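Input: a single structure, listed below in structure tokens.
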Amino acid sequence: MIASNFEAPRACGSCDSGCDDSCSNNCATCTGGCNLGKTRCNSCNCRAGHYFQGGNSHNIANSGCRDCTAGKYQDQTSHLSRSCKDCAAGTSSGSTSRTSPCPTCASGTFQPSTGATSCLSCSGSGTKCNTGRYTTGCAGTSAGSCTACATNYYQSQNSVYKTACTRCSTCNAGQFYTCNANSGLACTACGGGTYQSSDAHRSTSCLAQNTCGAGSYFSGSIFSAGSCTTCNYGTYIATSAHRTTSCTPWPTCPAGTFKSGATTRSGGSCAACGSGTFQTTNSHILTSCSSCAATGKVCGTGQYQSGCAGPSAGACSSCPANTYQASSSHRLASCTNCRTCGKGQYLANCAGATGPGICQVCNSGTYQSQTAHQERTCPSCASCSPGYYRDGCGGGSAGTCVACASGFYQSQQTYATSCYPCPGCPSGYTRTGCGGSAEGTCVGLVCPALPAVSSAVLTYSNSERRYPVIATFA
């Protein structure tokens, strides 16, 4: 009953002078403990949880204390308030006759309005966020706001209620970590010159690998810092502070040259083979030429190694005049000189494969005036003009031409060593005109005057070596 919502009345008092007997603005007719006809009450107010609906003592049905409805409360006691209080924003109540402020919205709910009978679900009515953000502060009077995901966290959906971002997981060795607030984790392979050796990491970059100096090459992977290894023979790297993974082959050289100055740091250059060396190989990296004396063309007796130089191992040539080579299977670059002979000698038996030869005495009619020579013959003694003979030619002297002595003659140009004696004549004859280059003739003795000769025939007689005179006298 409405009357039950009143405060318990106290003793009624008489109406004050000048007071409205109807008490229409104060309370209904007092009941219970108040004498009838007394319309002024000391305490005729509403209890907490109710509000007063005004009336007068003559219309009790339209007046009295009524229950506060859901969403409202009244915490006053003994009052005549004509309304209940609304639940504050951030609170709600679904019950009636509430005597205290409405309870705060539970976790996960909110209420921005007053006088609410229930709180709103954050998940259903709270602020919705897009990728890279999550809802915070949904409580009390607020539907919350969108907050960016912290580092290493992400939220990949649009228009959703999320109270937290998801933490990105980790990356493996050889990768670097990227956590995109909108899309989540991305593990990317380390790029050139970098590495990552740790597993289950969140490193956002890879580490720089080691670098190598000139003369070494780099070995490594995206999982390690790498190491440096010296270039193999025949290769080089000239660059310093590099990560080159292989060394460069030395440039090759042509035949007749050798690789000079090449190291693990330099490709070097090609230099010509020196004297007494050769190189027949093309496109090579040999650092020296071969020795002609050690590996050149092998020759036999009577030969020497010639033309061993540059790109050629040489050839075998016959020993030149006055030299010899008695060795077989050799690489000698020259033949040995034959021995030398002195005056009155000539060199014999030195040629090709034979020994140094021997010195022979010049034959008769020859001579040799040179000393320390290798002449193979002695010159013949020179001939002299008629009337002369060669004197002293032989041994080491050419001799000289000497005029025939008296009683001697030489009618020919010859190297004869003497003149002929003038020949004798038969008895009764004498030699006349013999000497120098003429043999002369035999003539008869001079007789007394003879008769005149009418004719005469001169006939040369070989046996008598004269012209006998056959005369006819008159």
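When GLY302, GLY192 are screened for being at pLDDT below 95 and on the phi < 0 side of the Ramachandran plot, only GLY192 passes.
All of ALA326, ALA321 fail the test of being touching a Gly at 6+ places or on another chain (Cβ under 9 Å), surrounded by fewer than 18 Cβ atoms within 10 Å (Cβ to Cβ) and within 24 Å of CYS350 (Cβ to Cβ), apart from ALA326.
Restricting THR366, THR400 to those that are without any contact (Cβ under 8 Å) to a residue 12 or more places away in the chain and β-branched (Val, Ile, Thr) reduces the list to THR400. The residues of segment 352-391 that are assigned to a loop (DSSP other than H, G, I, E, B) and at positive phi, listed by number, are GLY357, GLY365, ALA372, GLY387. Against the definition (farther than 22 Å from SER397 by Cβ, surrounded by 15 or more Cβ atoms within 10 Å (Cβ to Cβ) and at pLDDT 95 or above), how does ARG339 come out, yes or no? Answer is no for this residue. When segment 184-202 is filtered for residues that are surrounded by fewer than 14 Cβ atoms within 10 Å (Cβ to Cβ) and either closer than 26 Å to LYS128 by Cβ or small (Gly, Ala, Ser) (or both), the ones remaining, listed by number, are ALA186, ALA189, GLY191, GLY192, ALA200. If you go through segment 322-333 and keep only what is touching a strand residue (DSSP E or B) at 6+ places or on another chain (Cβ under 7 Å), closer than 21 Å to ARG376 by Cα and not in a strand (DSSP E or B), you end up with ASN322, GLN325. Scoring THR91 on the criteria (1) out of contact with any strand residue (DSSP E or B) (no Cβ under 6 Å at 6 or more places or on another chain); (2) without any contact (Cβ under 8 Å) to a residue 40 or more places away in the chain leaves a single failure, condition (1).
Pairs needed: first member in segment 369-389, surrounded by 15 or more Cβ atoms within 10 Å (Cβ to Cβ); second member anywhere, of a type in the set (D, E, K, R); C-beta distance under 6 Å; at least 6 residues apart or different chains. As it stands, the answer is CYS381/ARG390; CYS384/ARG390, since those pairs meet every condition given. Listed by first and then second residue, the pairs with beta-carbon distance under 7 Å, at least 6 apart or on different chains, first residue in segment 199-210 and at positive phi and touching a residue at least 24 places away in the same chain (Cβ under 8 Å), second part of a loop (DSSP other than H, G, I, E, B) and surrounded by 12 or more Cβ atoms within 10 Å (Cβ to Cβ), are ALA200/THR170.
Do you know which residues across segment 141-155 are over 48 Å from the mean Cα position of the chain (by Cα) and either farther than 13 Å from SER125 by Cα or surrounded by fewer than 17 Cβ atoms within 10 Å (Cβ to Cβ) (or both)? Before you say what the answer is, go through the steps one by one.
So in segment 141-155, the residues over 48 Å from the mean Cα position of the chain (by Cα) come out as 141-148.
Selection gives THR141, SER145, CYS146, THR147, ALA148.
Filtered by the rule that a residue be buried (at least 21 other Cβ atoms within 10 Å of the Cβ), under 25 Å from THR163 (Cα atoms) and hydrophobic (A, V, I, L, M, F, W, C), segment 73-119 gives CYS105, PHE110, ALA116, CYS119.
Please state which one of GLY267, GLY276, GLY296, GLY261 is under 30 Å from ALA214 (Cβ atoms), surrounded by 14 or more Cβ atoms within 10 Å (Cβ to Cβ) and not hydrophobic (A, V, I, L, M, F, W, C). Steps first, please.
Working: GLY276 fails: under 30 Å from ALA214 (Cβ atoms); GLY296 fails: under 30 Å from ALA214 (Cβ atoms); GLY261 fails: surrounded by 14 or more Cβ atoms within 10 Å (Cβ to Cβ).
It is GLY267.
Being surrounded by 14 or more Cβ atoms within 10 Å (Cβ to Cβ) and modelled with pLDDT of 90 or more holds for only one residue in TYR415, TYR420, and it is TYR420. Considering segment 279-293, and only residues there that are under 23 Å from TYR233 (Cβ atoms), of a type in the set (Gly, Ala, Ser) and in contact (Cβ under 8 Å) with a residue 24 or more places away in the chain, the residue that is surrounded by the fewest Cβ atoms within 10 Å (Cβ to Cβ) turns out to be SER283. Taking the criterion of being in contact with a Ser or Thr (Cβ under 7 Å, 6 or more places away or on another chain), under 30 Å from TYR51 (Cβ atoms), touching a residue at least 24 places away in the same chain (Cβ under 8 Å) and surrounded by 14 or more Cβ atoms within 10 Å (Cβ to Cβ), would at least one residue in segment 156-170 satisfy it? No, the conditions are met nowhere in segment 156-170. Among the residues of segment 166-205, those identified as β-branched (Val, Ile, Thr) and either farther than 25 Å from CYS228 by Cα or in a loop (DSSP other than H, G, I, E, B) (or both) are THR166, THR170, THR178, THR188, THR204.
Mind checking which strands (runs of 3 or more DSSP E) fall wholly inside segment 235-313 and carry at least 1 residues that are touching a Gly at 6+ places or on another chain (Cβ under 7 Å) and under 26 Å from SER334 (Cβ atoms)? I'd like the intermediate steps shown before the answer.
Values: elements: 257-260, 269-272, 303-309.
Those strands (runs of 3 or more DSSP E) span 269-272, 303-309.
The values are calculated or read from the model by the stated rules, or taken from the named source; none is laboratory data. All figures in this text were calculated on a predicted structure; none of them were measured in a lab. FYI the Cβ positions are ideal-geometry reconstructions off the backbone, even for glycines, and counts take in every protein chain you see.
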